[in-house]
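Structure, as structure tokens:
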Amino acid sequence: MKHKQTDAGNLQEKDSYHQYTHKKKVVILVLAFLIVLLAIAAVNAGSFNLNPLQVIQSLLGKGSDASSVVIWQIRMPRILAAITAGAGLAVAGCVMQNNLRNPLAAPDTLGVSHAAAFGANIAIIVLGAGSISSTSTDAVTINNPYLVTLCAFACSMAATLVILLLARIRGFSPEAMILAGVALNSLFMAGTILIQYFASDVQVAAAVFWTFGDLGRVAWREVLILACLVIFAFIYFLFKRWDYNALDSGEETAKSLGVNVKRVRQGGMFVSALIASVAVSFLGIIGFVGLIAPQIMRRIIGGDHRYLIPASALMGSVLMLFSDTIARTMVAPVVLPVGAITSFFGAPLFLYLLVRGYQRR
Amino acid sequence: MILSVKGLAFQYPSREVLQDINFTVAKGDFLAILGVNGAGKSTLLKCLNKVLSPHAGTVFIREEDTGKLSRRELAKRIGYVAQRQEGAFATVFDAVLLGRKPYIQWEASQKDLEITRKALKSLDLEGYALRYLNELSGGEQQKVVIARALAQEPELLLLDEPTSSLDLKNQLEVAKIVRNVVQDNQMCAVVTMHDLNLAIRYANKFLLLKNGVIFAAGGLEVMTPENIESVYAVSVKIKEIEDIPVVVPV
């Protein structure tokens, strides 16, 4: 039989598959390196002027009290929050897109984020957790952040559980799960509007302010909780990576390859919704990272989840860290909402990749 | 016997699809399942490897009750090619490597890669290994999914209309590949088909389904004009052209 012997398509040598996978590993390493560079830039950037030497001294525990506080209590938790939340939202989106076989699946489209916003609105407006203060950077502060976080988390998990229960009881198809997410989204948005309609302008300001995602909200404890969760989820997803690859070939094929499709899907959706809920509850709504980071990487290194999961996580961190550093420095000392910046830079990049098409190899 | 099916039945909420299906398939057999659209051919195939759960009856693979085997264990014994292929964004090599999924614990071993290469070679696909699936023609894609099923090292191959969307050359080629693979590897295949000529030419066992029950089953002797007419409601004649039996509607 004749077949084309193109250079790239030829597998005469046993090494060529290794070369092909090697390239993907290189992309992953480059992304990891990029994160280190961005983190160095981020720790040096900010409205409190510190030169690189002072930064290093502070990092080693030998800086002045003021610089130590800036580095260890403000910048480091913020940088780590960006890395963990970016990675978490991105892997959540990656797994949701695979599990629901829909490129639009993400924490935002499934109602997780708006449910969290609804919860936060209840806490701030109905339960009185918000007020005005006169700090220079934030015009509005939240009196009782724990109550807000708790309400946001409860609502977003409730939205997730409703969708998962519907899927379990009524045997929802992936398309139906997406549609249920859209329905819940608009339900929670409507609820939010009604609550805000009857609230005072101060309360509305506090509530709207909460929905602008802000990485400065977290301290070490929250970062640690988020990091533990993201690491756990990452390992869980890696264990399931062959299942996800099989699911990409269709539900029936996956079953015939030994995948318990229902269980894999329920587990994947629950864990990814859990990360998204915790991240959104701590940080507010940070849109688009969960949708875009996996889509960007799919186009660069392909749909193989062995590489796609780590690459998406790293891309999420890169996007988030880059956007947050821009948000902090562009019009310092004002900190712009990071969610807006991720979309602002992510969307054009994504459009470019869409136009360019898939990277072939 | 590699496969034996006893009293299999399946129903959707609104209607019964399969009733009291009994048959066996031996080593080296290429069984063609024939019948009109909606006769239950694909459903029967899916019931054999638990893609669908039968409501009654038992499927044995080498005396083992498939109902008691885990999906993973079942996937080591039965390879399946669905009727429609869904477009995964993957290279040919990765798509075939997926056939090793039931064996892979954490990462593909050297042995898995070796078996993948062997499966690619047996279908003449080595030159395509690093091409993406969406760059291939329908015939090539069909070969890739058959190679994936072979990489599972199964004893039984289930193919759901593997030739329906192919041109004449590829139809013959794929049917021939299935026959040769079955004979060379001492396995067996159960294949749903619409093309009676292809079935008569390459299969050695036939199962005619009509309204969810077996109308006739056996060797070439069941492929009579009378049986075919009863199942398809079309009168036919069977002629031999250069020793190849041909079904002609009249």
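The values are calculated or read from the model by the stated rules, or taken from the named source; none is laboratory data. Fair warning: this is a prediction, and the values are worked out from it, not measured in the lab. Cβ coordinates were reconstructed from backbone atoms using ideal geometry, including for glycine residues, and neighbour counts include every protein chain displayed. To get the accessible areas, we keep the full protein, side chains included, count just its heavy atoms, and leave off ligands, DNA and RNA. Shrake-Rupley method; radii C 1.70, N 1.55, O 1.52, S 1.80 Å.
Is it the case that the stretch A:316-328 has a residue that's basic (Lys, Arg) and at pLDDT 90 or above? Before the answer, list the steps.
First pass over the stretch A:316-328, keeping only residues basic (Lys, Arg): A:328.
Retained after the next criterion (residues that are at pLDDT 90 or above): none.
The answer is no, given that none of the residues of the stretch A:316-328 is basic (Lys, Arg) and at pLDDT 90 or above.
For the stretch B:7-26, a residue qualifies if it is outside any strand (DSSP E or B) and either crowded, with 16+ Cβ neighbours inside 10 Å or on the phi > 0 side of the Ramachandran plot (or both), but none of them does.
Taking the stretch B:179-211 on its own, how many of its residues are among the hydroxyl-bearing types (Ser, Thr, Tyr) and touching a Ser or Thr at 6+ places or on another chain (Cβ under 7 Å)? Give the derivation first.
Quick first cut of the stretch B:179-211, residues among the hydroxyl-bearing types (Ser, Thr, Tyr) only: B:192, B:202.
Remaining after also requiring touching a Ser or Thr at 6+ places or on another chain (Cβ under 7 Å): B:192.
Residues meeting the conditions: 1.
Tallying residues that are at the interface with chain A (Cβ under 7 Å from one of its Cβ atoms) and small (Gly, Ala, Ser) within the stretch B:45-95 yields 4.
Could you please tell me which pairs satisfy a Cβ distance under 9 Å, a separation of 6+ or placement on different chains, a first residue in the stretch A:187-203 that is farther than 17 Å from A:His114 by Cα, and a second residue that is at pLDDT below 90 and open to solvent by 90 Å² or more (accessible area, probe 1.4 Å)? Qualifying pairs under 9 Å: A:Ala199/A:Val126; A:Val202/A:Ile132. In the stretch B:68-75, the count of residues that are surrounded by fewer than 22 Cβ atoms within 10 Å (Cβ to Cβ), of a type in the set (S, T, N, Q) and closer than 25 Å to A:Phe237 by Cβ is one or more. Report the residue count in the stretch B:160-176 for those that are under 26 Å from B:Phe89 (Cβ atoms), more than 11 Å from every other protein chain (Cβ to nearest Cβ) and in contact with a helix residue (DSSP H, G or I) (Cβ under 8 Å, 6 or more places away or on another chain). Final tally of qualifying residues: 8. Would you confirm, using the coordinates I've provided, whether A:Thr325 is among the polar types (S, T, N, Q), part of a helix (DSSP H, G or I), open to solvent by 10 Å² or more (accessible area, probe 1.4 Å) and over 23 Å from A:Ile235 (Cβ atoms)? So A:Thr325 fits the description; yes. Taking each residue of the stretch B:8-37 that is under 28 Å from B:Ile177 (Cβ atoms) and looking for partners that are open to solvent by 10 Å² or more (accessible area, probe 1.4 Å) and among the polar types (S, T, N, Q) with beta-carbon atoms closer than 7 Å, six or more apart or interchain, yields B:Thr24/B:Ser4; B:Lys27/B:Gln186; B:Gly28/B:Gln183; B:Gly28/B:Gln186; B:Asp29/B:Asn204; B:Phe30/B:Asn204.
For A:Phe234, the test of being in contact with a helix residue (DSSP H, G or I) (Cβ under 9 Å, 6 or more places away or on another chain) and under 14 Å from A:Gly93 (Cβ atoms) is passed.
I'd like to verify a number: residues in the stretch A:165-177 that are touching a helix residue (DSSP H, G or I) at 6+ places or on another chain (Cβ under 6 Å) and either closer than 26 Å to A:Phe282 by Cα or of a type outside the set (Gly, Ala, Ser) (or both), how many? Give the steps one after another, and end with the answer.
Filtering the stretch A:165-177 for residues touching a helix residue (DSSP H, G or I) at 6+ places or on another chain (Cβ under 6 Å) gives A:166-167, A:172, A:177.
Within this subset, residues satisfying the condition of being either closer than 26 Å to A:Phe282 by Cα or of a type outside the set (Gly, Ala, Ser) (or both) are A:166, A:172, A:177.
Residues meeting the conditions: 3.
If the condition is being within 9 Å of chain A (Cβ to nearest Cβ), part of a loop (DSSP other than H, G, I, E, B) and closer than 23 Å to A:Ala254 by Cβ, then the stretch B:126-156 contributes B:Ala129, B:Arg131, B:Gln152.
Here's the yes/no breakdown for (1) modelled with pLDDT under 85; (2) within 25 Å of A:Val223 (Cα to Cα):
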residue	(1), (2)
A:Phe118	no, yes
A:Ala123	no, yes
A:Gly128	yes, no
A:Leu150	no, yes
A:Ser156	no, yes
A:Val182	no, no
A:Ala190	no, no
A:Ala206	yes, yes
A:Thr211	yes, yes
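Just one of the listed residues (A:Gln73, A:Gln97, A:Gln19) is open to solvent by 40 Å² or more (accessible area, probe 1.4 Å) and farther than 30 Å from A:Val335 by Cβ, and it is A:Gln19. Checking the stretch A:94-112 against the condition returns no match, with no residue being modelled with pLDDT of 90 or more, within 27 Å of A:Tyr244 (Cα to Cα) and among the small types (Gly, Ala, Ser).
Yes or no: the stretch A:286-302 includes at least one residue that is outside any helix (DSSP H, G or I) and within 14 Å of another protein chain (Cβ to nearest Cβ).
At the first step, the residues of the stretch A:286-302 found to be outside any helix (DSSP H, G or I) are A:286-288, A:302.
This time we only want the ones that are within 14 Å of another protein chain (Cβ to nearest Cβ), so: A:302.
Yes - at least one qualifying residue is present in the stretch A:286-302.
The C-beta contact set for the stretch A:231-251 (first residue more than 16 Å from A:Tyr307 (Cα to Cα), second residue surrounded by fewer than 18 Cβ atoms within 10 Å (Cβ to Cβ) and of a type outside the set (Val, Ile, Thr), distance under 7 angstrom, 6+ apart or interchain) comprises A:Ser249/B:Glu86; A:Gly250/B:Glu86. Candidates A:Val259, A:Val334, A:Val271: the one that is of a type in the set (Val, Ile, Thr) and crowded, with 24+ Cβ neighbours inside 10 Å is A:Val259. For the stretch B:96-117, the condition holds for no residue, the condition being that it is more than 9 Å from chain A (Cβ to nearest Cβ), open to solvent by 30 Å² or more (accessible area, probe 1.4 Å) and in contact (Cβ under 8 Å) with a residue 60 or more places away in the chain.
The single condition among (1) crowded, with 24+ Cβ neighbours inside 10 Å; (2) within 14 Å of chain B (Cβ to nearest Cβ); (3) at positive phi that A:Thr253 does not meet is (3).
Tallying residues that are open to solvent by less than 20 Å² (accessible area, probe 1.4 Å), under 20 Å from B:Val178 (Cα atoms) and out of contact with any Phe, Trp or Tyr (no Cβ under 8 Å at 6 or more places or on another chain) within the stretch B:201-250 yields 1.
Identification of helices (runs of 4 or more DSSP H) wholly contained in the stretch A:12-117 with 1 or more residues that are under 23 Å from the mean Cα position of the chain (by Cα) yields A:15-44, A:76-99.
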